[in-house]
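Asker: Take this structure first; my questions come after.
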Amino acid sequence: SSKTFWTTTGMFPQELIIGFPKCVKISKVAIQCYLVRTLRIERSTSKDPVGFEQCIEKDLQHTEGQLQMEEFPLPEFQATYLRFIIKSAFDHFVAVHRVMAEGT
């Protein structure tokens, strides 16, 4: 639901982990967030959420009063877990409204 969101507690870095039932092939990840300055995406192919490796780190553009919408193409990418680390922000609190992963 676009009316729900995950919010930070005011200090950085903050992270959230999304797990899949098994290792999947992902071709693209998209995120809708608010006031995120620097975002890192890491993956793990382990059975448990350990052994993460960095995949993407990007500084996002500030979009005053609007959601930030970012897409990350990921060719030949497999993951059991995705960890999203918000390293810094444009304000004390940020929100993640939606995370989408496409693939098989």
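The values are calculated or read from the model by the stated rules, or taken from the named source; none is laboratory data. These numbers come from a predicted model, not from an experiment. Cβ atoms come from the backbone with ideal geometry, glycine included; neighbour counts cover every protein chain shown. Heads up: the accessible areas ignore ligands, DNA and RNA and are worked out on the full protein's heavy atoms, side chains in. Shrake-Rupley method; radii C 1.70, N 1.55, O 1.52, S 1.80 Å.
Asker: Looking at (1) in a strand (DSSP E or B); (2) at pLDDT 95 or above; (3) under 19 Å from Tyr81 (Cα atoms); (4) not acidic (Asp, Glu), which is the one condition that is false for Cys55?
Answerer: Only one criterion in (1) in a strand (DSSP E or B); (2) at pLDDT 95 or above; (3) under 19 Å from Tyr81 (Cα atoms); (4) not acidic (Asp, Glu) is unmet by Cys55, namely (2).
Asker: Something else: I'd like the residue in the stretch 46-76 that is open to solvent by less than 80 Å² (accessible area, probe 1.4 Å) and on the phi > 0 side of the Ramachandran plot and, out of all such residues, is nearest to the chain's Cα centre (by Cα).
Answerer: Gly51
Asker: Within the stretch 77-86, does at least one residue satisfy the condition of being charged (D, E, K, R) and either surrounded by 12 or more Cβ atoms within 10 Å (Cβ to Cβ) or assigned to a strand (DSSP E or B) (or both)?
Answerer: Yes: one or more hits.
Asker: Let me ask you something else. Just to verify a result, which residue in the stretch 6-26, among those that are among the polar types (S, T, N, Q) and outside any strand (DSSP E or B), is nearest to the chain's Cα centre (by Cα)?
Answerer: The residue in question is Thr8.
Asker: Looking at the stretch 58-76, which of its residues are out of contact with any Leu (no Cβ under 9 Å at 6 or more places or on another chain) and either small (Gly, Ala, Ser) or within 16 Å of Lys87 (Cα to Cα) (or both)?
Answerer: Hits for the stretch 58-76 are Gln61, Gly65.
Asker: May I ask you to verify whether Thr63 is touching a strand residue (DSSP E or B) at 6+ places or on another chain (Cβ under 9 Å), in contact (Cβ under 8 Å) with a residue 40 or more places away in the chain and outside any strand (DSSP E or B)?
Answerer: For Thr63, the condition - touching a strand residue (DSSP E or B) at 6+ places or on another chain (Cβ under 9 Å), in contact (Cβ under 8 Å) with a residue 40 or more places away in the chain and outside any strand (DSSP E or B) - is not met.
Asker: Of all the residues that make up the stretch 11-45, how many are β-branched (Val, Ile, Thr) and surrounded by fewer than 17 Cβ atoms within 10 Å (Cβ to Cβ)?
Answerer: As a first pass, look at the stretch 11-45 and keep what is β-branched (Val, Ile, Thr): 17-18, 24, 26, 29, 31, 36, 38, 41, 45.
Keeping just the survivors that are surrounded by fewer than 17 Cβ atoms within 10 Å (Cβ to Cβ) gives 17-18, 24, 38, 45.
Count: 5.
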